[in-house]
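Down below is the structure, laid out as structure tokens.
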Amino acid sequence: MNLREYMGILSKEIDEKIIAYQYQSKHTVADAMKYSIANGGKRIRPMLLLMILEAFDVPRTKGMATAVALEMVHTYSLIHDDLPAMDDDDERRGVPTNHKVYGEAVAVLAGDGLLTDAFNVLINDKNLDEQTRVKLVRLLSAAAGSRGMIEGQLLDMEAEEKPVTIEELKQIHQLKTGKLIEFACLAAGFIVFPTGKNIHKLRWFANHLGLAFQIKDDILDVEGDAKTIGKPVGSDEANNKSTYVTLLGLEGAKNMLEMEINKALAELDALPANTEMLKKLTSYVATREK
């Protein structure tokens with residue numbers, strides 16, 4: 001089976017579980033939550049989690065609820081990122097952003113609902129023992145919280161209109177983009193190895209993959225196609241944001257992308273697992289068009 005077919009199978013399963021979730025609100029907020037989370041997306045983070053499980057011969061059903069919770073948190077972050085007070089985007093994945101459809105107040109509540117309900121999904125997952133569920137709640141709250149993704153978003157906003165170094169940019173993206181990718185890898189690792197075996201290898205893999213993912217996003221913002229990526233290109237330059245392209249140039253960013261991909265692949269080689277599909281997914285990060 002090739003990567004495209006495999007990703008299609010995983011994406012369909014993830015989408016079915018996400019749409020089947022009984023959203024807690026019965027009002028407009030639930031409609032707004034469904035609007036954004038059902039609106040496609042690459043599903044890279046939950047796919048990554050499920051692929052790691054299968055690489056270690058663990059059924060992906062063991063991690064499906066965790067994958068759904070992860071995508072709920074990711075979608076919440078996108079809804080809030082798009083708000084006028086943040087990135088002020090009108091379009092996401094080729095359709096109007098949440099606040100353009102439901103208004104800013106409902107969009108804020110929809111994001112809040114997805115974030116909060118994600119922990120409900122995690123803690124009620126009957127496929128995992130209680131100790132593992134608690135560990136995953138702790139991991140996800142740290143990844144998404146004020147010392148994780150939220151700090152990254154704040155640092156990203158503070159970096160607008162002022163120069164930053166490559167190391168500062170790495171720190172921003174390791175938090176803003178990398179923390180949920182890291183959670184996907186660590187969550188799968190703790191489901192496979194409750195004692196934490198091989199966790200450090202998965203962490204390093206996640207760090208390199210997360211950085212590569214962001215570098216590719218910066219490259220696509222310069223040379224991507226708006227229809228393909230589902231949002232306007234050139235927004236980083238318009239907002240005077242520091243990116244790997246603005247700091248290193250387009251070729252320099254591409255060279256750094258290749259270096260991080262190779263480091264991620266090397267970490268996969270060190271794992272005692274069948275990582276063929278994970279390697280294909282890692283290479284896909286560097287070649288994707290959206």
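The values are calculated or read from the model by the stated rules, or taken from the named source; none is laboratory data. Treat the numbers as computed from the prediction; the structure is a model and nothing was measured. Here the Cβ positions follow ideal geometry from the backbone for every residue, glycine too, while neighbour counts run over all protein chains shown.
Only one of Met47, Met64 is touching an Asp or Glu at 6+ places or on another chain (Cβ under 8 Å), touching a residue at least 12 places away in the same chain (Cβ under 8 Å) and either of a type outside the set (Asp, Glu) or buried (at least 16 other Cβ atoms within 10 Å of the Cβ) (or both); which? Break it down into steps so the answer makes sense when it comes.
On the way: Met47 fails: touching an Asp or Glu at 6+ places or on another chain (Cβ under 8 Å).
Result of the check over Met47, Met64: Met64.
Do you know which of the residues in the range 161-213 that are part of a helix (DSSP H, G or I) and among the charged types (D, E, K, R) is surrounded by the fewest Cβ atoms within 10 Å (Cβ to Cβ)? Before you say what the answer is, go through the steps one by one.
Kept after step one, since they are part of a helix (DSSP H, G or I), are these residues of the range 161-213: 166-176, 178-192, 199-213.
Filter once more, so that each one left must be among the charged types (D, E, K, R): 167-168, 170, 176, 179, 182, 201, 203.
On the way: Glu167: 8, Glu168: 14, Lys170: 17, Lys176: 22, Lys179: 26, Glu182: 25, Lys201: 18, Arg203: 14.
The selected residue is Glu167.
Among the residues of the range 19-44, what is the count of those that are among the polar types (S, T, N, Q), over 30 Å from Lys280 (Cα atoms) and either free of Cβ contacts under 8 Å to residues at least 24 places away in the same chain or surrounded by 17 or more Cβ atoms within 10 Å (Cβ to Cβ) (or both)?
The first filter runs over the range 19-44 and keeps only residues among the polar types (S, T, N, Q), leaving 22, 24-25, 28, 36, 39.
Filter once more, keeping what is over 30 Å from Lys280 (Cα atoms): 22, 24-25, 28.
Filter once more, so that each one left must be either free of Cβ contacts under 8 Å to residues at least 24 places away in the same chain or surrounded by 17 or more Cβ atoms within 10 Å (Cβ to Cβ) (or both): 22.
Qualifying residue count, the range 19-44: 1.
Yes/no per residue for (1) closer than 23 Å to His80 by Cβ; (2) modelled with pLDDT under 95; (3) among the small types (Gly, Ala, Ser):
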position	(1), (2), (3)
Met157	yes, yes, no
Lys176	yes, yes, no
Phe183	yes, no, no
Ile191	no, no, no
Leu209	no, no, no
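Only residues in the range 150-168 that are of a type outside the set (A, V, I, L, M, F, W, C) count as the first member; pair them with residues that are assigned to a helix (DSSP H, G or I), Cβ under 6 angstrom, at least 6 apart or cross-chain, and list the lot.
Filtered contacts from the range 150-168: Glu151/Leu175; Gly152/Ile172; Gly152/Leu175; Gly152/Lys176; Gln153/Lys176; Asp156/Ile172; Asp156/Lys176.
If you go through the range 240-261 one residue at a time, how many are surrounded by 13 or more Cβ atoms within 10 Å (Cβ to Cβ) and not in a helix (DSSP H, G or I)?
Summing the residues that are surrounded by 13 or more Cβ atoms within 10 Å (Cβ to Cβ) and not in a helix (DSSP H, G or I) in the range 240-261 gives 3.
Give Ala65, Ala55, Ala32 a once-over and let me know the one that is within 19 Å of the chain's Cα centre (by Cα) and either more than 22 Å from Asn127 (Cα to Cα) or modelled with pLDDT of 90 or more (or both).
Values: Ala55 fails: within 19 Å of the chain's Cα centre (by Cα); Ala32 fails: within 19 Å of the chain's Cα centre (by Cα).
The unique qualifying residue is Ala65.
Only one residue in Leu70, Leu140 is more than 21 Å from Gly40 (Cα to Cα), assigned to a helix (DSSP H, G or I), within 16 Å of the chain's Cα centre (by Cα) and touching a residue at least 60 places away in the same chain (Cβ under 8 Å), so which one is that? Write out each step before concluding.
Numbers: Leu70 fails: more than 21 Å from Gly40 (Cα to Cα).
Of Leu70, Leu140, the one residue that is more than 21 Å from Gly40 (Cα to Cα), assigned to a helix (DSSP H, G or I), within 16 Å of the chain's Cα centre (by Cα) and touching a residue at least 60 places away in the same chain (Cβ under 8 Å) is Leu140.
Count, please, the residues in the range 262-290 that happen to be under 25 Å from Phe193 (Cβ atoms), part of a helix (DSSP H, G or I) and of a type outside the set (Asp, Glu). Full working, then the answer.
Narrowing the range 262-290 to residues under 25 Å from Phe193 (Cβ atoms): 263-282, 285.
After this cut, where a residue has to be part of a helix (DSSP H, G or I) as well, the list is 263-269, 276-282, 285.
With of a type outside the set (Asp, Glu) added as a condition, the list becomes 263-266, 268, 277-282, 285.
Here the count works out to 12.
In the range 81-137, which residue that is in contact (Cβ under 8 Å) with a residue 60 or more places away in the chain, of a type in the set (A, V, I, L, M) and assigned to a helix (DSSP H, G or I) is farthest from Val192 (Cα to Cα)?
Val101
Which count do you get for residues in the range 1-37 that are polar (S, T, N, Q), farther than 17 Å from Phe119 by Cα and not in a helix (DSSP H, G or I)?
First, pick out the residues of the range 1-37 that are polar (S, T, N, Q): 2, 11, 22, 24-25, 28, 36.
Retained after the next criterion (residues that are farther than 17 Å from Phe119 by Cα): 2, 11, 28, 36.
When the remaining residues are screened for being not in a helix (DSSP H, G or I), the result is 2.
The qualifying residues number 1.
I need a count of the residues in the range 143-166 that are of a type outside the set (Val, Ile, Thr), within 14 Å of Gln214 (Cβ to Cβ) and more than 11 Å from the chain's Cα centre (by Cα). Write out each step before concluding.
So in the range 143-166, the residues of a type outside the set (Val, Ile, Thr) come out as 143-149, 151-163.
Adding the requirement that they be within 14 Å of Gln214 (Cβ to Cβ) leaves 149, 152-153, 155-156, 159.
From what's left, more than 11 Å from the chain's Cα centre (by Cα): 152-153, 155-156, 159.
Within the range 143-166, residues that are of a type outside the set (Val, Ile, Thr), within 14 Å of Gln214 (Cβ to Cβ) and more than 11 Å from the chain's Cα centre (by Cα) number 5.
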